[in-house]
Amino acid sequence: MYKIVIVEDEKSVADGLKEMLQTYAAERELDLRIEEFENGDSFLQSGCSDYDIVLLDINMPGNNGIQVAKEIRAKGDNPDAVIIFCTNYPQYAISGYEVSALGYLIKPVTKLSLEHNLDKALKFLWRKQQLKLLIKSKDGQLVVRASDIVYIEVERHNLYFHIMTAEGIKSIRTRGTMREMYDALKEMNFAKCSACYLINMNYITAINKSKIECAGGVVLFISRKSQKEFMTHFMKYIDEQGGVNV
């Protein structure tokens, strides 16, 4: 089952999106749960964090769609959430870089464009939900979703997995090498920003020349040696997520 949230202040548009979503689900035999909010403020105030896809209008009273998307990413409790903007103005697409939006629906939304974006979103979610790691720690063996790992740190022969949970970031220590983790996770949007850190790019909120800011208040530093390779990986990631480099 996938939960899709429609955040749209125009009732006719919201009704049209809901009808097309129901048709999409019936044609593909999917179990979709659809929830609607008439503006970004009511969505943010709902406290809901178990959604998979957000169809987000940009021009709304109160917090607009760009601001709502930034809030979603800043909270960090649902890093795999897919954001798809709905807008009358294609030029807003450049703002997707900041929030890793997967796609854009230009109003009036067509069945074809919605289906294309949903196909891409479900493929993304399926990949994220598949890979799990079995981590041996002092508390026993723990099963962790790769998508919940914010970053991995190596110190001597110890690996520290820093994992996003509902209570904040939790750290788990185990034995291993960074090379093993890089080989296992490089196809899951992880990249090295130094010899010490392997970061999940889904959690990145800002980058400058020497440091990376992530959800949960994490700040990691980029080594000079890793900078070029890391930025190549990151720009490829942005491109694959449908973002725009401005």
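Data for the structure
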| quantity | calculated |
| --- | --- |
| Matching strands (runs of 3 or more DSSP E) fully within the range 1-108 where at least 1 residues are hydroxyl-bearing (Ser, Thr, Tyr) | 2-7, 82-87, 103-106 |
| Tally, over the range 203-238, of residues that are among the β-branched types (Val, Ile, Thr) and exposed (fewer than 12 other Cβ atoms within 10 Å of the Cβ) | 2 |
| Scan of the range 144-195 for residues that are of a type in the set (Ser, Thr, Tyr), assigned to a loop (DSSP other than H, G, I, E, B) and either closer than 16 Å to Phe230 by Cα or modelled with pLDDT under 85 (or both), ordered by number | Ser194 |
| Total residues in the range 109-143, condition at negative phi, free of Cβ contacts under 8 Å to residues at least 40 places away in the same chain and in a strand (DSSP E or B) | 8 |
| Options Ile135, Ile149, Ile172, Ile163: the member that is closer than 24 Å to Val82 by Cα, surrounded by 11 or more Cβ atoms within 10 Å (Cβ to Cβ), hydrophobic (A, V, I, L, M, F, W, C) and touching a Phe, Trp or Tyr at 6+ places or on another chain (Cβ under 7 Å) | Ile149 |
| Selection count, the range 158-181, where residues are in contact with a strand residue (DSSP E or B) (Cβ under 6 Å, 6 or more places away or on another chain) and over 17 Å from Ala215 (Cα atoms) | 9 |
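To keep it simple, each residue is scored yes or no on (1) small (Gly, Ala, Ser); (2) under 19 Å from Thr165 (Cβ atoms); (3) over 18 Å from the mean Cα position of the chain (by Cα).
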residue: Lys192; (1), (2), (3): no, no, yes
residue: Tyr203; (1), (2), (3): no, yes, no
residue: Gln227; (1), (2), (3): no, no, yes
residue: Thr232; (1), (2), (3): no, no, yes
residue: Met235; (1), (2), (3): no, no, no
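Rundown of residues vs (1) in contact with a Leu (Cβ under 9 Å, 6 or more places away or on another chain); (2) open to solvent by less than 10 Å² (accessible area, probe 1.4 Å), yes/no style:
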site: Ile4; (1), (2): yes, yes
site: Val7; (1), (2): yes, yes
site: Lys11; (1), (2): no, no
site: Leu17; (1), (2): yes, yes
site: Met20; (1), (2): yes, no
site: Thr23; (1), (2): no, no
site: Asp31; (1), (2): no, no
site: Leu44; (1), (2): no, no
site: Val54; (1), (2): no, yes
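The values are calculated or read from the model by the stated rules, or taken from the named source; none is laboratory data. None of the values given here were measured: they were computed from a predicted structure. As a convention, Cβ positions derive from the backbone with ideal geometry for all residues, glycine included, and neighbour counts pool all protein chains shown. Calculation scope for accessible area: heavy atoms of the full protein, side chains included, ligands and nucleic acids excluded. Shrake-Rupley method; radii C 1.70, N 1.55, O 1.52, S 1.80 Å.
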